[in-house]
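Shown next, in structure tokens, is the structure this report addresses.
The values are calculated or read from the model by the stated rules, or taken from the named source; none is laboratory data. Predicted model, so just to flag it, every value in this text is computed and none were measured. Cβ coordinates were reconstructed from backbone atoms using ideal geometry, including for glycine residues, and neighbour counts include every protein chain displayed.
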Amino acid sequence: MKRTLLFFLGILLAVTGAAPSRAQSDLPPLTTPEGFAVPQPGHVFSFPRDHAAHPEFRIEWWYITGHLYAADGRRFGLQATFFRTAAPDRSGDLHLAHMALLDVTTGHFLHQERLNREGWDARAAVDRLDVANGPWGLQMTEPVTEQMLLRGGIRGEASFTLELTPSKPLVRFGENGYSRKGADPTAASYYLTFPRIATRGDLVVGTENLTVTGELWMDHEISSSQLSAGQVGWDWISVHFTDQREIMLYRLRRSDGSADPASTLTWVDADGRTQVAPFTWTVQSTWKSAKTGAVYPSKVKVVTTDPATGASVVLFIEPLAESQELTGELGGVPYWEGACRVRDASGREIGSAFMELTGYAKDLKI
Amino acid sequence: MSTALVTTLLHRVILRQWRLAPRATLLLTGILALGVAVYVSIRLANRAAVASFTHFTDTLTGQSDWIIQAPAGALAESVLPELRRALGARPVHVIPVLEATAAAPAAGGDGGRFGRPSYTLLGVDLIGVSNLARSPDGVGAYYGQSTPDRADSAEAADFWAALRAGPQVWISPEFAPTPPRQLSIVLDERVVELRVAGVIPSAPEAPRVPANLMVMDLASLQRLTGKEGWIDRIEFIVEAGPRQAEQRAELAALLAELGRDRWSLSSPGARRESAEVMTRAFRLNLTVLSLIALLVGLYLIFQALDGAVVRRRGEIAVLRSLGVEESTIRQVWLAEAAVLGLVGGTLGVALGWLGAQVSVRAVGQTVNALYFGTTVNQANLSVSEALLGIVLGVVTSVAAGWWPASAAARTPPAQVLHRGSAPAVGARWARSPMIAGGCLLLAVACAQLPGFPLPGGGRFPVAGYAVAFLAIFGGGILCSHLLAPVARLASAWGRRRAPACVALSHLRQPSGRHRLAAAALHCAIGMTAGMAILVGSFDQTVRNWVQRTLQADLYIASDGAQTANAQNRISADAAAALAAHPTVAAANVLVAWRIELDGRPTVLSGTDFAVLQAHMDLPWIDPPPAGTAFIGKEGPTPVVVSESFTERFDRRSGDSVRVTTSTGSRDLQIVGVFADYGNEQGSILLDRSHLVDWFRDTSVTSVSLWLQPGVDADTVRADLLAQYPGLSVLTNSRLRAEILRIFRQTFAITYALEIIGVLVAVIGLVLTLTSVLLDRRDELTTLRALGFSRHEIAVATAIEGTALSAAAVAGGLALSLGLGWLLIHVINKQSFGWTLGFALPWGQLAALGLLVTLAGAAVSYGVGRWGANLPADQEA
């Protein structure tokens, strides 16, 4: 079996095709050798335009994750992602979208991918947030309140129409949205996030119609290369604490298993201010996928300091179900992305989280 | 108890009989097997030919739920975003498809022979189809195939390179054992070179990829065919889920509501069905013809079993006097017939499967020429079909054995009959000329009945076949009455020769066995000669038609058009360039659009009527009034229609027709009817200027050129071919020959079926004479004692057989005149809507008569020599 279209691999490989780093100057080049724009420090964003697509960059995604609750107390994990990637010769875009839904009660995990060329069945508008892939779509319906509408589903087995209202202002990670992902100066992104979005809407699971509310996290990342040479993948976690604060953590893994220095943990306080804090990452248990053979961290212990108190904080990230792997039929790269709960050292549940683990599948060659 | 007795008796009486006369048993089984085989093989071939109407997209996407299609012409791509918007969040895959046909370039020397391999090029979004659950390996399945010219490394870069590479095609794994790197195909008027990117991947549960299917990316095929922005159809697949059925119905309602006049909605099943409906008349006719051999076989089995009853009357009488009941005796004989049927049927199924491998090509070729492209080259046998064949064998055999079984059962126990005096075979009524006359009269009456309308168009000539059956039956009875006059006639010649006297004395008072053999042979000859008359008439009519309609010197079409439903065209520029060739005196064009009328396919064709009227003579069946203006724009557009159109759509001169074009509905008025033997689905002909307006397309289907006097057509042909290698340029004589070849090919299989019928009848003659001689063992002993040599006995038998054959030939040829008339004026007209002139192929009929008579003489001489050696006491 040759799974040659590796959408992600295309992204990951971009780095090997990139120009040799001019690390001495530490200033990123304006473009990649293929002519794609490279994120620049000090960039000034303009909204709502910058919620839309940036075709001058090679890779872009709108990434929504979070937890939904039905009136009867049932809980669901939700992922809805829209990727855009450009051909190396900039002759056109491919659009990949992933949808996943975890029914926490049953542990039933549904997911689907969709891949289309830019055209009548997939688009990303450049003037406003309006991305679509087949029947799935994400639009900003109210530029002033930044209200959005998300429409998605998994085959005919589940579907949802959700109204998204940011309950906290947009956060720009890194240096005012310029987020370094490695030593290579092109390995950076513009990283814009709505860390906490209140949502309500309709969820159809099987033949059941449910009204749901919940809290979501939405990333919008724009880049032309995400990883540096020698990096094999990343771990990413977003945490919604019950005290209205959040954490975003990304850990860039090198081939020897160590974390790249560019790895970061960022606290977002109740007002949306960010503060970086040191962290340690300990895998406490693992889960092996029967489908791909990949061994993923399952329960993870993260130790960091609370910027408000300066005290050490221990967080246990525990998946709500182990089997939340997206097997990567179309994108070519399997990864684990799932709903988790967060406990403190005393075992008390202090929030919910979403964790993403990439580069663990055995057939991922870099 | 009774069952055990039946088994014992079967074993003691019947099986012993089979062991002692293995050749006769073998022949009988063979006849039955042949009858079943012919039926089975035609059935398999028919099914395979229709099954090969592949809904090609199935191989890539699995079965679609719904398909939308413009009622005529293509659909604009702009409906796609509209559809996606209208579908909203519904989980539906929307798959636009462009389909094109192409052919392999002509190999040197075959000079435009129709029927070369043709391909279906399917243009689909190869990235988009990777979203379907069944795609085996995502887009990598297409764009990640390793080909010899690409290294295995840098896979992602390769993907993009493969995606962006120029026109490339994926071919069926069955196209060639190792896929070529490059492929030339004829598309419209061009020969196109395509890079072969790999083979079409298929999921394990997907239907086999047909060998002639080629897949291209949609955009790439659109560019190649000049159809940027256009698609042929859009397929919809509702994604799996608990509400799938409900969502399917919702989708249909939505599409119907959105479509209204813009597209028609169908399901792939309905499309497959329409292919079946299209060819139904043709296939039914073949099936009926395939039953003839079995019908002839029925006569012979009846006779053989009856002969056995007569010969074993003594044994039966003994059994009866031992207390065996009538019903037991009947069961034993029926069981024998059933066993015979079982063995014959089973053999027949095997033989039929073998035959199907041959006949499937012939059936496929006809379907190709008349209906649509098929790729069939093998027919598979299913369990149900095998069972059907066996059941057919058993039923035939038991039906034929019914009367003999009853006769056996009725044998009075006390009566030990004299061996030679075989009573009449069959009921007395079966010999009555009154009954025969009645049958024939009824046949004449039936011939007036209309055909039985088939759902979806066309009619099946039920009455026509009833007539044929009545005529065969009645004629068979009458024919047996010919035996005595033939014998009397021959007596004048053979009075002084002892063998002749002996032979003819038997015929002057023919036994039932003689009568049956004559009837069987008569039936076979009648059908074969009838068919020969039909084919001969067809041939003659088509010749005349070709003579009248083919007046131009050169005929030009895309070489890509190799089947009846090919869509290849010539661009307007190329057509104009052809017409402007310095040697051309006049030119005309024909454009054909396939449209749907009353839900059935037909053809809307346009030509330049001014040129048509100046240079051609349409074979009118009902000519339009003189001075009809075909170009006027006022009121309904005047059109002429083909004769098959009037039959299929039940519209005549004066009627109006509303057709849908790509720019809306148009009203047409029929002003005339012409004969067209080239299209069974009917066609509407009007001035091309209308079609250019209605379809906004200037391409043409064919161009005909009249050359200036003195110009050599072959030279011009060579010149045009050099300029346009993708065109097929046929000279007048070549096209005539080609048309006639196709027509003969169409009838080749029906002919073969009849020949098998004659063969069965001749074998039957052997069987008859064998049993007659067995009955006459005493007489043979006497003849030998009187000094008859073996040769003389054989000659006597030969005379008997020849006279019998001659009577059957005379009766059969008389029958064939009636059947020929019936086939031409009733069955053919009702099935296909073609009027044919009656023409008698004298030579063929004479040859058939002579051949059968000679064959009769030869086989009966052989049987006679065998009979001469028959010891008087051999148990029979």
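Only residues that are out of contact with any Leu (no Cβ under 8 Å at 6 or more places or on another chain), hydrophobic (A, V, I, L, M, F, W, C), in contact (Cβ under 8 Å) with a residue 24 or more places away in the chain and part of a loop (DSSP other than H, G, I, E, B) were counted across the range B:629-669, and they come to 1.
Return the residues of the range B:712-728 that are surrounded by 16 or more Cβ atoms within 10 Å (Cβ to Cβ) and either modelled with pLDDT of 85 or more or of a type in the set (Ser, Thr, Tyr) (or both); say none if nothing qualifies.
Kept after step one, since they are surrounded by 16 or more Cβ atoms within 10 Å (Cβ to Cβ), are these residues of the range B:712-728: B:713, B:716-717, B:720-721, B:724, B:726-728.
Once the filter is applied, which keeps residues that are surrounded by 16 or more Cβ atoms within 10 Å (Cβ to Cβ) and either modelled with pLDDT of 85 or more or of a type in the set (Ser, Thr, Tyr) (or both), the range B:712-728 yields B:ALA713, B:VAL716, B:ARG717, B:LEU720, B:TYR724, B:SER728.
Cβ-Cβ distances below 7 Å connect no pair with a first residue in the range B:323-343 that is under 15 Å from B:ARG312 (Cα atoms) and not assigned by TED's automatic domain parsing to the domain that holds B:LEU27, a second residue that is of a type in the set (Phe, Trp, Tyr) and in a helix (DSSP H, G or I), and a separation of six or more residues or different chains. Scanning the range B:210-257 for residues that are more than 14 Å from chain A (Cβ to nearest Cβ) and acidic (Asp, Glu) yields B:ASP232, B:GLU257.
Kindly establish whether B:ARG600 is of a type in the set (Lys, Arg), modelled with pLDDT under 80 and not assigned by TED's automatic domain parsing to the domain that holds B:SER683. Taking the combined requirement at face value, the residue does not satisfy it.
Which residue, of A:VAL283, A:VAL239, A:VAL232, is more than 16 Å from A:MET355 (Cα to Cα), in contact with a strand residue (DSSP E or B) (Cβ under 7 Å, 6 or more places away or on another chain) and hydrophobic (A, V, I, L, M, F, W, C)? I'd like the intermediate steps shown before the answer.
On the way: A:VAL283 fails: more than 16 Å from A:MET355 (Cα to Cα); A:VAL239 fails: more than 16 Å from A:MET355 (Cα to Cα).
Testing whether each residue is more than 16 Å from A:MET355 (Cα to Cα), in contact with a strand residue (DSSP E or B) (Cβ under 7 Å, 6 or more places away or on another chain) and hydrophobic (A, V, I, L, M, F, W, C) leaves just A:VAL232.
None of B:VAL671, B:VAL700 is closer than 24 Å to B:ALA552 by Cα, under 35 Å from the mean Cα position of the chain (by Cα) and not small (Gly, Ala, Ser) except B:VAL700.
So, A:THR145, is that one more than 10 Å from every other protein chain (Cβ to nearest Cβ), part of a loop (DSSP other than H, G, I, E, B), farther than 25 Å from A:LEU192 by Cα and polar (S, T, N, Q) or not? Steps first, please.
Values: more than 10 Å from every other protein chain (Cβ to nearest Cβ): yes; part of a loop (DSSP other than H, G, I, E, B): yes; farther than 25 Å from A:LEU192 by Cα: no; polar (S, T, N, Q): yes.
Judged against the criteria, A:THR145 is not a match.
Every residue, every condition in (1) under 24 Å from B:GLY241 (Cα atoms); (2) within 17 Å of the chain's Cα centre (by Cα); (3) modelled with pLDDT of 95 or more, yes or no:
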residue	(1), (2), (3)
A:ASP93	no, no, no
A:LEU101	yes, yes, yes
A:GLN112	yes, yes, no
A:ASN133	yes, no, yes
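Being within 11 Å of chain B (Cβ to nearest Cβ), closer than 20 Å to A:GLU118 by Cα and either at pLDDT 80 or above or under 22 Å from the mean Cα position of the chain (by Cα) (or both): is that true of A:GLY10 here? Quick ask: steps written out before the conclusion?
Numbers: within 11 Å of chain B (Cβ to nearest Cβ): yes; closer than 20 Å to A:GLU118 by Cα: yes; either at pLDDT 80 or above or under 22 Å from the mean Cα position of the chain (by Cα) (or both): yes.
Yes, satisfied.
Within the range B:630-649, the set of residues being farther than 12 Å from B:VAL673 by Cβ and either β-branched (Val, Ile, Thr) or in contact with a helix residue (DSSP H, G or I) (Cβ under 9 Å, 6 or more places away or on another chain) (or both) comprises B:PHE630, B:ILE631, B:LYS633, B:THR637. Would you check if there is a residue in the range A:220-233 being in contact with a Ser or Thr (Cβ under 6 Å, 6 or more places away or on another chain), at pLDDT below 90, surrounded by 18 or more Cβ atoms within 10 Å (Cβ to Cβ) and within 14 Å of another protein chain (Cβ to nearest Cβ)? Checked the range A:220-233: at least one residue is in contact with a Ser or Thr (Cβ under 6 Å, 6 or more places away or on another chain), at pLDDT below 90, surrounded by 18 or more Cβ atoms within 10 Å (Cβ to Cβ) and within 14 Å of another protein chain (Cβ to nearest Cβ). Take the residues of the range B:176-191 that are over 32 Å from the mean Cα position of the chain (by Cα) and without any contact (Cβ under 8 Å) to a residue 60 or more places away in the chain: which is surrounded by the most Cβ atoms within 10 Å (Cβ to Cβ)? Restricting to residues being over 32 Å from the mean Cα position of the chain (by Cα) and without any contact (Cβ under 8 Å) to a residue 60 or more places away in the chain, the top hit is B:LEU183.
Which residues, counting only those in the range A:109-123, are within 7 Å of another protein chain (Cβ to nearest Cβ) and either buried (at least 22 other Cβ atoms within 10 Å of the Cβ) or of a type outside the set (D, E, K, R) (or both)? Write out each step before concluding.
Filtering the range A:109-123 down to residues within 7 Å of another protein chain (Cβ to nearest Cβ) leaves A:114-117, A:120-121.
Listed by number, the residues that qualify are A:ARG114, A:LEU115, A:ASN116, A:TRP120, A:ASP121.
Look at (1) touching a Gly at 6+ places or on another chain (Cβ under 7 Å); (2) facing chain B (nearest Cβ under 10 Å) and you find that A:VAL131 fails only one, number (2).
Restricting B:LEU354, B:LEU381 to residues that are modelled with pLDDT of 60 or more, more than 27 Å from B:LEU305 (Cβ to Cβ) and part of a loop (DSSP other than H, G, I, E, B) narrows the list to B:LEU381. In the set (1) at pLDDT below 90; (2) within 14 Å of chain B (Cβ to nearest Cβ); (3) in contact with a strand residue (DSSP E or B) (Cβ under 7 Å, 6 or more places away or on another chain), A:GLY17 fails one condition alone, (3). Going through (1) surrounded by fewer than 20 Cβ atoms within 10 Å (Cβ to Cβ); (2) closer than 28 Å to B:ARG696 by Cα one by one, B:ARG651 falls short only on (1). Within the range A:129-170, if we keep just the residues that are under 26 Å from B:LEU83 (Cα atoms) and of a type in the set (Ser, Thr, Tyr), the residue that is surrounded by the most Cβ atoms within 10 Å (Cβ to Cβ) turns out to be A:SER159.
Do we find that A:ASP256 is among the charged types (D, E, K, R) and within 26 Å of A:LYS299 (Cβ to Cβ) in this structure?
Criteria met by A:ASP256.
Restricting the first member to the range A:102-113 and to residues that are within 15 Å of A:THR81 (Cβ to Cβ), and the second to residues that are aromatic (Phe, Trp, Tyr) and part of a strand (DSSP E or B), the beta-carbon pairs closer than 6 Å and six or more apart or on different chains are A:LEU102/A:PHE109.
Can you tell which of A:PHE160, A:PHE194, A:PHE173 is under 20 Å from A:PHE354 (Cβ atoms), facing another protein chain (nearest Cβ under 9 Å) and not acidic (Asp, Glu)? First the steps, then the outcome.
Working: A:PHE194 fails: facing another protein chain (nearest Cβ under 9 Å); A:PHE173 fails: facing another protein chain (nearest Cβ under 9 Å).
Selected residue: A:PHE160, the only one of A:PHE160, A:PHE194, A:PHE173 that is under 20 Å from A:PHE354 (Cβ atoms), facing another protein chain (nearest Cβ under 9 Å) and not acidic (Asp, Glu).
In this structure, A:PRO319 does satisfy being surrounded by 21 or more Cβ atoms within 10 Å (Cβ to Cβ) and free of Cβ contacts under 8 Å to residues at least 60 places away in the same chain. Restricting attention to the range A:23-49, the residues that are surrounded by fewer than 20 Cβ atoms within 10 Å (Cβ to Cβ) and touching a Gly at 6+ places or on another chain (Cβ under 9 Å) add up to 5. Could you check the range B:68-84 and list, in sequence order, the residues that are in a loop (DSSP other than H, G, I, E, B) and facing chain A (nearest Cβ under 9 Å)? Correct list: B:GLU77, B:SER78.
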